[in-house]
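Let me begin by handing over the structure; questions about it come next.
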Amino acid sequence: MDQYRLTVNNRTVSVPAWDGTMPLLYALRNELHLTATKFGCGLGQCGACTVLIDGQPTRSCLISLSNAVGKRITTNEGLGTPSAPHPVQAAFIAEQAAQCGYCTNGMVMTSVALLMSHPHATREQAQDALSGNLCRCGSHERVLKAVARVANKRGT
Ligand code: FES
């Protein structure tokens, strides 16, 4: 079995795998127990598995373990803590921007990436950025409110 050295949430970790084509998602959830990252479709279509790779929102079901080596990977656990949440995590809590919560990881990670590149993101920019993150419960409006909460706070 080979070892793959990853940088996850500012820590260097070693992940054992028989095959470097294994999706990063499996390594995060099954080897590193970072279960905020969700398995939805496994096909790059739902966004539940989104992580940041070198600051870019990336579907961890589509990137292989070997391709993740040497990149800076951030999961939801790396953003904040329950006692000191990231501003976007705090905004999602304040706006109750989840129903079943399965899509929430991807919504948060995509929103964080958007607000890094567009600190005062408009509603239209948020809608566009989040258009690939699916939610079957209909939490979109509250997600947009959470993004606006952060963008507007930065604007004052
Ligand atoms: Fe990766 Fe759906 S699980 S996009």
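Derivation of every value follows stated rules applied to the coordinates shown; laboratory data play no part. Being a predicted model, the structure only gives us computed values, none of them experimental. No Cβ is skipped: glycine too gets one built from the backbone with ideal geometry, and neighbour counts run over all protein chains shown.
Looking only at segment 1-143, where both bridge partners belong to it, what percent of the DSSP beta bridges are antiparallel (to the nearest 5)? The partial results should precede the final answer.
Numbers: 14 of 16 bridges.
Taking every DSSP beta bridge with both residues in segment 1-143, the antiparallel ones total about 90 percent.
Also: Using a Gaussian network model on the chain with a 10 Å cutoff between Cα atoms, which of Glu141, Glu77, Glu95 fluctuates the most?
Most flexible of the set in this elastic network: Glu141.
What is the distance in Å between the Cα centres of segment 1-69 and segment 71-135?
With segment 1-69 and segment 71-135 each reduced to a Cα centre, they are spaced 18 Å.
Oh, and also: If the chain between His120 and Thr81 were fully stretched, how many nm would it gain, using 0.36 nm times the residue separation less the Cα-Cα distance? Could you put the intermediate results ahead of the total?
Details: separation 39, 0.36 × 39 = 14.04 nm, distance 2.39 nm.
Working it through step by step, the gained length comes to 11.6 nm.
Further, regarding this structure: Using the count of nearby Cβ atoms within 10 Å as a rough guide to exposure, how do Ser111, Ser139 rank from fewest to most?
Numbers: Ser111 29, Ser139 21.
Sorted ascending by nearby Cβ count, the order is Ser139, Ser111.
Convert each backbone phi in segment 94-107 into a coupling constant with the Karplus relation 6.51 cos²θ - 1.76 cosθ + 1.60 (shift: θ = phi - 60°), then list the ³J(HN,Hα) values in order as whole Hz, x for Gly and Pro.
Along segment 94-107, the couplings run 4, 8, 6, 8, 7, 10, 6, x, 5, 7, 4, 3, x, 4 Hz.
How large is the dipole of the chain about the Cα centre if only Lys and Arg carry +1 and Asp and Glu carry -1, each at its Cβ, rounded to the nearest 20 debye?
Details: 14 positive and 9 negative charges, 67 e Å.
That gives a dipole near 320 debye.
Mind grabbing the base-10 log of I(q)/I(0) for the chain at q = 0.08, 0.19 Å⁻¹? Debye formula, identical points on the C-alpha positions, no solvent, two decimal places.
-0.22, -1.12
Place +1 on the Cβ of every Lys and Arg and -1 on the Cβ of every Asp and Glu in the chain, take the dipole about the Cα centre, and give the residue among Cys61, Cys49, His118 whose Cα lies farthest towards its positive end.
Towards the positive end, the residue furthest out is His118.
For all pairs of alpha-carbon atoms in segment 1-47, what percent lies in each bin of width 10 Å, listed from the first bin to the last filled one?
The distribution over segment 1-47 is 25, 53, 22, 0, given as percents.
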